Amino acid sequence: MPTEIGTRVVTARFGNPDAKTLPGYERAGGYAQLRKALAMRPEDITAEVKASNLRGRGGAGFATGVKWGFVPKDAKAVHLVCNADESEPGTCKDRELMFWDPHLLIEGMVISAHALRAVHNYIYIRGEMMREYVVLQHAVAEAYARGYLGKNILGTGIEVHLTVHRGAGAYICGEETALLNSLEGLRGQPRLKPPFPAVKGLFGNPTIVNNVETLMNVPAIIDKGGAWFNALGMGRSGGTRIVCVSGHVNKPGVFELPMGITFNQMIHEVCGGVWKGRKVKAVIPGGVSMPPLDASELDVPCEFDALQTDERIKPVMVRPGQPFDLGGGRQLRTMAGSGGVVVMDDATDIPRAIWRIMKFFAHESCGQCTPCREGTGWLEKVSRRVAEGHGKDGDIDLLASISHGIAGNTICALGDAAAWPMLGFLTKFRADFEAKIADRKGKAA
Amino acid sequence: MSLEFSADAQKKIAAACERYPSKQPVVMAALHLAQKEHGHLSDDVLRLVARTLDLPYAHVYGVATFYTMYRREPGGRQTIRMCTNISCMLRGGYEVLEAFEAKLGLKRGESSADFTLVEEECIAACANAPCAVVGTEYLLDIKPEQVGELVQRLKQHPHPESEVV
Ligand SMILES: Cc1cc2nc3c(=O)[nH]c(=O)nc-3n(C[C@H](O)[C@H](O)[C@H](O)COP(=O)(O)O)c2cc1C
Ligand code: SF4
Ligand code: FES
């Protein structure tokens, strides 16, 4: 349940079963923004979204209005696809959002489809989300029956269709081009970019892929305006921020919070502090693909740009003295990612935690690129032997060099997603790895 | 042996074909339906899907073997997907998985007539870790000592994944 801190844009109806039904949603003011948007010109909706500084909530934080602007003006057929594949470990907001407020997603999608002049649109929902699939199927049927979807929505002559497409188990299908392949009935393997989906995506047509939370913010932007939404946020990031706080806190949960809230505030004021009276050791700020923060870095806000550039966050190193280069000498600190905040207390076995993360990536690599397929396998093997107390001298350097060999050398960002946290944990918790390896030697002696 | 889809499944597949510009995207839904009706995706079942959607067998095979929810071997009536990923691991997910193994007499990855036990990656319920999903039912904040009771309840009120398709 969200806290009272700040304004609730997308979680206002959490916990209210009535709002899930179409009549309940309408009673709460639902679909009024669609009526308003249908009377607007598509360009004006996009301009409002640009002004709002809404940024993608799926992981990369890309400006939504700017992305919409990439669709070629003369496009014959355009598609809008909602990414509801949520499977980044530590992230559990999209599932809750769809469960509690399916019509807000549909309303957001129809408004966005109108802005993009997109007729055939899809929600790609993760296969394991069976309960939410049933909820969405029902809500879509209700919306068709009431004329919010169909050939001629609300008598305006505008045609918008929506189909829920169910996945069948594969983390990689959250990557947008893998998702499009899966939607086309292929194996879910990422495509080379460019071309970007906004130019050539689903069925060869310009396609916008947006996250569930991103699209659910659109009705509020139409209602209260882009300037209002921007003012809710911080810097170049409009709106609120949903975080999913899990791990060693007293009150884990999904919370809609101010964009500028710091990790210390989140942990202590919202989540009741660290469990068992312990202290924080590490915090993953945005799903396991992102490098961790240590206890001294938690006064940074969870806002997108702050996590990338705030100098209170130490840069990720390849090895001591050699910062990881994102290109052009840009340093890697961390990123806001998916909003999955995982808190680890000071009794956490860090090598074991990173092993579990590497096991995940090794399992989910789609196998197309050698550095990712082989590299994630090696990261899992070597981190496992370190975690199990059989680490060898040089394993820390080995883990770092494997990670360095993957990062930047693959078709999709899953490679980076494995390499970055590995390097990040080695940078900030090197002593934990050294101690584990030294412990092995102590036992052998 | 030539297998068939039920009339209901045929209707669903025909309706799904209306939603896309070709039949190929319906392969995922057709595989879910085929698994529901035939229990698992044997070679014959894959041929049925290929024939129904005018796709090459190799294409259907490639899709069926890419995604983890499709099974090529028979499984239990219900599938318990127990997450052991980071948030769940930090709050005892492996201990709960071991409790399921003990209660069901199954190792992770194995099946009895009633249950298949799967060690799952994050199921997007991390704020209620450790957790599992069984069809449309989420088992949240599980403690190892509750596992026996949970298994009993699932036996009485089953949630097979096929109920969703
Ligand atoms: C390996 C990988 C997995 C991803 N998983 C998801 C996901 O589950 N949900 C999601 O919305 N975005 C995911 N993304 C990001 C998408 O590729 C894409 O950037 C996003 O859906 C765009 O929507 P947004 O701009 O609204 O954030 C993933 C990216 C990668 C590289
Ligand atoms: S980086 Fe990994 S997951 Fe991405 S395309 Fe290459 S092999 Fe597949
Ligand atoms: S880590 Fe277990 S549900 Fe997310």
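All of the numbers you see were taken from the coordinates with simple rules; none came from a lab. Everything quoted here is computed from the prediction, not taken from an experiment. Virtual Cβ from ideal backbone geometry, glycine too; neighbours counted across all protein chains shown.
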For the range B:129-138, Karplus-derived ³J(HN,Hα) couplings (6.51, -1.76, 1.60; θ = phi - 60°; whole Hz; x for glycine and proline) come out as 6, x, 9, 9, 10, 10, x, 8, 9, 9
Semi-axes (Å, rounded, descending) of the ellipsoid equivalent to the range A:121-257 per its C-alpha gyration tensor are 26, 23, 19
May I have the pair-distance distribution P(r) for the range A:1-89, computed from all Cα-Cα distances with 10 Å bins from 0 and rounded to whole percent?
12, 30, 42, 14, 1
Under a Gaussian network model of chain A whose springs join Cα atoms within less than 10 Å, the largest fluctuation of A:ALA435, A:ALA417, A:ALA362 belongs to A:ALA435
Using only Cα atoms, tell me the angle between helix A:130-145 and the longest principal axis of chain A; keep it within 0 to 90° and round to the nearest 10.
20 degrees
Partner shielding of A:302-315, as the mean number of partner chain Cβ atoms within 10 Å, equals 0
If the chain between A:ALA39 and A:ARG146 were fully extended at 0.36 nm per residue, the gain over the current Cα-Cα distance would be 36.7 nm
Mind checking the mean number of beta-carbon atoms from other chains within 10 Å of the Cβ atoms in A:350-358?
2
Sum of side-chain charges, A:LEU149 neighbourhood, beta-carbon under 11 Å (Lys, Arg +1; Asp, Glu -1):
-1
Local net charge near A:LYS279, Cβ-Cβ under 9 Å (Lys/Arg +1, Asp/Glu -1):
0
Residue-by-residue Karplus 3J(HN,Hα) for the range A:178-189, coefficients 6.51, -1.76, 1.60, Hz, glycine and proline x:
5, 4, 5, 4, 5, 5, 7, x, 10, 5, x, 10
For the pairs A:LYS20/A:LYS224; A:LYS381/A:LYS428; A:LYS76/A:LYS151; A:LYS151/B:LYS23; A:LYS50/A:LYS251; A:LYS93/A:LYS281, flag any whose C-alpha to C-alpha distance is greater than 27 Å.
A:LYS50/A:LYS251
If you take the Cα atoms of the range A:46-162, find Rg, then find the Kirkwood Rh from the mean of 1/r over all pairs, what is Rg/Rh?
0.97
For every other residue with a beta carbon closer than 13 angstrom to the beta carbon of A:ASN205, add +1 if it is Lys or Arg and -1 if Asp or Glu, then tell me the sum.
+1
Computed FRET efficiency, Cβ-Cβ of A:ARG236 and B:THR65, R0 30 Å: what is it to the nearest 0.05?
0.10
Of A:PHE361, A:PHE62, B:PHE5, how do they rank once you tally other Cβ atoms within 10 Å and put the fewest first?
A:PHE62, B:PHE5, A:PHE361
For chain B, the longest principal axis of the Cα atoms and the Cα long axis of helix B:93-104 enclose an angle in degrees, to the nearest 10, of 80 degrees
Name all residues of the range A:283-323 having a backbone nitrogen under 16 Å from the label point set 7 Å from the Cα of A:ASN409 along its Cα→Cβ direction, giving them as ranges.
A:318-319
Expressed as cubic angstrom per residue, what is the convex hull volume of the alpha carbon set of the protein assembly as shown?
155 Å³
Rank the residues A:CYS244, B:CYS126 as a footprinting-exposure proxy: fewest other Cβ atoms within 10 Å of their Cβ go first.
A:CYS244, B:CYS126
Helix-only mean residue ellipticity at 222 nm, chain A, DSSP H runs n ≥ 4 weighted -39,500 (n - 2.57), per residue, nearest 500. What is it?
-11500 deg cm²/dmol
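Counting only DSSP beta bridges with both residues in the protein assembly as shown, tell me the antiparallel percent, nearest 5.
About 50 percent, rounded to the nearest 5.
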Would you order A:MET234, A:MET109, A:MET98 from fewest to most other beta-carbon atoms within 10 Å of each residue's own beta-carbon?
A:MET234, A:MET98, A:MET109
No solvent, one uniform scatterer per C-alpha: report log10 I(q)/I(0) for the range A:293-445 via the Debye equation at q = 0.19 1/Å, two decimals.
-1.25
Over the range A:99-201, one equal point on each Cα, no solvent: what is log10 I(q)/I(0) by the Debye formula at q = 0.09, 0.16, 0.23 Å⁻¹?
-0.25, -0.77, -1.23
Pulled fully out, how much extra length does the chain show between B:GLN152 and B:GLU110, if you take 0.36 nm times their separation in residues and subtract their Cα-Cα distance?
13.3 nm
Quick one: which residues, 5 or more positions from A:GLU86 or on another chain, have an amide H under 5 Å from its amide H? H modelled 1.01 Å from N in the peptide plane, none for Pro or chain starts.
A:ARG126
Estimated vicinal HN-Hα couplings, Hz - the range B:115-125 in sequence order (Karplus 6.51, -1.76, 1.60; Gly, Pro = x)
9, 10, 10, 10, 7, 9, 7, 3, 9, 6, 9
Roughly how many Å is it from the Cα centre of the range A:373-445 to that of the range A:176-225, as a whole number?
33 Å
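Work out the mean other chain Cβ neighbour count within 10 Å for the residues of A:87-97 and drop it here as an integer.
Taking the mean over all residues of the peptide, I get 5.
Can you give the alpha-carbon Rg of the range A:193-348 over 2.2 N^0.38 Å, where N counts its residues? Before the final figure, lay out the partial values.
Details: Rg = 17.7 Å, N = 156, 2.2 N^0.38 = 15.0 Å.
Output field value: 1.18.
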Chain A: angle of helix A:350-364 to the longest principal axis, Cα-based, in degrees nearest 10:
50 degrees
With N set to the number of residues, divide the alpha-carbon radius of gyration of chain B by 2.2 N^0.38 Å and report two decimals.
1.15
